[in-house]
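K.L.:
First the structure, then my questions, so here it is.
Read-outs throughout are calculated quantities, based only on the coordinates presented, and are distinct from any laboratory measurement. Note that the structure is predicted; figures quoted are calculated from it, not measured. Virtual Cβ from ideal backbone geometry, glycine too; neighbours counted across all protein chains shown.
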Amino acid sequence: MLRMKLDELRLMSNGPKPSTMAGRFKIQTENLNAWFGGNHVLKDISIKIRENAVTAIIGPSGCGKSTLIRCFNRMHELVPNAKVTGKVLLDDEDIYSKDVDPVVVRRRVGMVFQKPNPFPTMSIYDNVAAGLKLNGIRDKKSLDQTVKRSLEQANLWDEVKDDLDKSGASLSGGQQQRLCIARALAVEPEVVMMDEPCSALDPIATAKIEQLIITLKEQYTVVIVTHNMQQAARVSDFTAFLYLGQLIEYGLTTQIFENPKEELTERYITGKFG
């Protein structure tokens, strides 16, 4: 029964492309630890995220998945009483060094959240342009070009090009999530992180987001958090399994799902717990 389930997941895995294997590391952590007050949620995490690849972070609820990606762009420290130790390297530069501006880090490492969160009082156009305007860009031609490009990258342009003045909240759930992805892409990040981006979506909208994730790795490094084993197998090149704040296993997605090295990994991906 366990082997049958592994085989089913294996068939869904697209596997890494040869170019992915040759890519350099975009993000590296060294003995990363994180706390919420007295709660030690990440314990000595050392991981290397490859450039222009999709990396999935899997594991049961409360294992530290979301905290890990929030440490990748210094969002964790925004939580009261939060603490981080260890290193997070972005292009070999420690983003937690005293001379590094966290605002710049968050611009380079974008985040898309679990629940679509378009700005409800803003139009579709202004939702995408919001980050650009905050960075002081006011030139209408430049804004127009970036909004169009970002919506095209998010596979949303053809659906909304005639309704750019409508509220972002008027879109369907799946469209709202793609709008949020377009908003993240507009400021030209180097890394796109997605925290359970499909958990609130129907199967059709989920399929569109998954195809978008695969496309985005051509230009960006993508990290997704997901509870969905089939989704991880379908879209990711690499998979990391976290349990109780520890990194249990990390490797090629095909290896993790076909031949996991750790018994705990196999038990999780085959539904024995989680």
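K.L.:
Considering the convex hull of the alpha carbon atoms of the range 55-177, report its projected area averaged over all viewing directions, in nm², one decimal. Spell out each step's value before the answer.
P.N.:
Values: hull surface 40.0 nm².
Its average projected convex-hull area is 10.0 nm².
K.L.:
What is the antiparallel percent of DSSP beta bridges lying wholly in the chain, to the nearest 5?
P.N.:
On the way: 25 of 42 bridges.
The antiparallel fraction comes to roughly 60 percent.
K.L.:
Next question. Quote the Stokes-Einstein diffusion coefficient, in whole µm² s⁻¹, for the range 174-241, based on the Kirkwood radius over alpha carbon pairs, a temperature of 20 °C and a viscosity of 1.002 mPa s. Could you put the intermediate results ahead of the total?
P.N.:
Numbers: Rh = 12.2 Å.
After rounding, the answer is 175 µm²/s.
K.L.:
On to the next question. Let me check I've understood the local charge: for residue 29, count other residues with C-beta under 11 angstrom from its C-beta, Lys and Arg +1, Asp and Glu -1. What total comes out? It would help to have the intermediate numbers written out before the result.
P.N.:
Details: positive: 48, 87; negative: 30, 44, 94.
Net charge around residue 29: -1.
K.L.:
Still on this structure: In debye, nearest 20: dipole of the chain around its Cα centre with unit charges on the Cβ of K, R (+) and D, E (-)?
P.N.:
Details: 35 positive and 34 negative charges, 43 e Å.
Here the size comes out at about 200 debye.
K.L.:
Then there is this: Could you give the semi-axes, largest first, of the ellipsoid that matches the chain, computed as the square roots of 5 times the alpha carbon gyration tensor eigenvalues and rounded to whole Å?
P.N.:
Numbers: eigenvalues 186, 106, 55 Å².
Its equivalent ellipsoid spans semi-axes of 30, 23, 17 Å.
K.L.:
Using a cut-off of 30 Å between alpha-carbon atoms, which lysines can reach residue 133, once sequence neighbours fewer than 8 places away in the same chain are excluded?
P.N.:
26, 98, 115, 141, 148, 161, 166, 208, 217
K.L.:
Using the Cβ atoms and a cut-off under 12 Å, what net charge is assigned to the surroundings of residue 197, where Lys and Arg are +1 and Asp and Glu are -1?
P.N.:
On the way: positive: 115, 178, 208; negative: 195, 196, 210.
Combined, the nearby Lys, Arg, Asp and Glu give 0.
K.L.:
Also, I was wondering about something else. Work out, step by step, the length gained on full extension between residue 119 and residue 92: first 0.36 nm times the residue separation, then minus their alpha carbon distance; give nm to one decimal. Write out the running numbers ahead of the final one.
P.N.:
Numbers: separation 27, 0.36 × 27 = 9.72 nm, distance 3.42 nm.
This chain segment gains 6.3 nm when fully extended.
K.L.:
Let me ask something else. Please figure out what share of the DSSP beta bridges in the range 132-274 is antiparallel and state it in percent, rounded to the nearest 5.
P.N.:
Details: 6 of 11 bridges.
In the range 132-274, approximately 55 percent of DSSP beta bridges are antiparallel ones.
K.L.:
Under 16 Å Cα-Cα from residue 65, which aspartates and glutamates qualify once same-chain neighbours fewer than 8 residues away are excluded?
P.N.:
Within reach: 44, 77, 195, 196, 249.
K.L.:
Where a Cα-Cα gap under 19 Å defines reach, which lysines qualify for residue 261, not counting those fewer than 8 residues away within the same chain?
P.N.:
Within the straight-line limit of under 19 Å, residue 261 reaches these lysines: 5, 48, 272.
K.L.:
Just need the relative contact order of the chain here, percent rounded to a whole number, with Cα pairs under 8 Å and 6+ apart.
P.N.:
Details: 538 pairs, mean separation 80.0, N = 274.
Rounded, it is 29 percent for the chain.
K.L.:
Can you classify the range 94-253 as rounded, prolate or oblate using the Cα gyration tensor, where a ≥ b ≥ c are the square roots of its eigenvalues, rounded means a/c under 1.5, and otherwise it's prolate if a/b beats b/c and oblate if not? If you can, show how the numbers build up before the last one.
P.N.:
Details: a/c = 2.09, a/b = 1.31, b/c = 1.60.
The shape class here is oblate.
K.L.:
So if I average 1/r over every pair of distinct C-alpha atoms in the range 67-136 and take the inverse, what Kirkwood radius in Å does that give? Each step should come with its number before you reach the end.
P.N.:
On the way: mean 1/r = 0.0718 Å⁻¹.
Its Kirkwood hydrodynamic radius stands at 13.9 Å.
K.L.:
Given labels modelled 7 Å from the Cα in the Cβ direction, how far is it in nm from residue 77 to residue 166?
P.N.:
Reported label-point gap for residue 77 and residue 166 is 4.1 nm.
K.L.:
Below 13 angstrom from the Cβ of residue 141, what's the summed charge of the other residues (Lys, Arg +1; Asp, Glu -1)? Intermediate results must be reported in sequence, preceding the final value.
P.N.:
Working: positive: 138, 140, 148, 149; negative: 139, 144.
Net charge in that neighbourhood comes out at +2.
K.L.:
Along the charge dipole of the chain, Cβ charges K/R +1 and D/E -1, which of 182, 248, 100 sits furthest on the positive end?
P.N.:
It is 100, whose Cα lies furthest towards the positive end.
K.L.:
Taking the Cα centre as origin and putting +1 on Lys and Arg beta-carbons and -1 on Asp and Glu beta-carbons, what dipole magnitude results for the range 156-239, to the nearest 20 debye? Kindly include the intermediate steps, with their values, before the conclusion.
P.N.:
Details: 7 positive and 13 negative charges, 25 e Å.
The dipole of the range 156-239 has a size of about 120 debye.
K.L.:
Then there is this: Restricting everything to alpha-carbon atoms, can you work out Rg to Rh for the range 146-205 with a Kirkwood hydrodynamic radius?
P.N.:
Details: Rg = 11.4 Å, Rh = 12.0 Å.
Ratio value, two decimals: 0.95.
K.L.:
Of 123, 230, 33, whose Cα points farthest to the positive end of the dipole of the chain (charges on the beta-carbon: +1 Lys, Arg; -1 Asp, Glu; origin at the Cα centre)?
P.N.:
About the Cα centre, the residue reaching furthest to the positive side is 33.
K.L.:
Efficiency by 1/(1 + (r/R0)^6): what FRET value for residue 43 and residue 190, r their Cβ-Cβ distance, R0 = 22 Å, to the nearest 0.05?
P.N.:
Working: r = 27 Å, r/R0 = 1.24.
Once rounded, the FRET efficiency stands at 0.20.
K.L.:
Which of 215, 253, 239 ends up with the largest GNM mean-square fluctuation for the chain, with Cα atoms connected below 10 Å?
P.N.:
With Cα springs under 10 Å in the chain, the top fluctuation among 215, 253, 239 is at 215.
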